[in-house]
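Have a look at the structure below before the remarks.
The values are calculated or read from the model by the stated rules, or taken from the named source; none is laboratory data. Since this is a predicted model, take the numbers as computed values, not measurements. Please note: Cβ atoms are built from the backbone with ideal geometry, for glycine as well, and neighbour counts cover all protein chains shown. The area values use the complete protein model at the heavy-atom level, side chains included, leaving out ligands, DNA and RNA. Shrake-Rupley method; radii C 1.70, N 1.55, O 1.52, S 1.80 Å.
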Amino acid sequence: PFLLHGATDKAQQLARELMPIFAVMWGVGFGVYYPCIQATYTMIIPAGSEAELMGLYYFCTKVLSWAPPLLFVVFNNWTGEQKAGLWVLAAFFLLGIIPYCMLDLEKARDMVAHTLQSRAKSPRSSAGLAEEGSVNKTTYSQETAQVENRLTSNSLNSATSLALQEGL
């Protein structure tokens, strides 16, 4: 904000020349920020709770995603200056940094380390296609066909039982 509203014309000209560089740095920063936050979050999730906790993560990000733009518009319209809206956005960043700085990542990783062995299992074992310790020489297309057959038979059984219940 200071560079855009500098005291002199020279400062404003410099701000206009540096704005594309700042925009590229901002874009690269956010391009790295979101994957790093998600990777950090996934490192501290105990095995077996991935679906629930990632669902909570996405729920919170989507539920709260409307608040910063809304408050930016409210403060921009209220004061007539974009500076007030930018300070509101800065406040959201600060609110997000506070819990992150309080996080002891090493301790969190140590707390879930014993659960990660079960996360490293083959996806085939969770689908019931391979027994523990056995050698399964099926191909990927055979495994896919087996999973599709199981899903189809389960959905047909569910549809048939639903139709029978409605018919009776």
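Note on residue 59/residue 34: beta-carbon distance plugged into 1/(1 + (r/R0)^6) with R0 of 22 Å gives a FRET efficiency of 0.85.
Could you sort 74-86, 103-115 so that the peptide with the highest average Cβ count within 10 Å comes first and the rest follow in order? Don't skip to the answer; put the middle values down first.
Numbers: 74-86: 14.0, 103-115: 11.5.
Per-residue Cβ counts within 10 Å, averaged per peptide and sorted highest first, yield 74-86, 103-115.
Solvent-accessible surface (1.4 Å probe) assigned to residue 24 amounts to roughly 90 Å².
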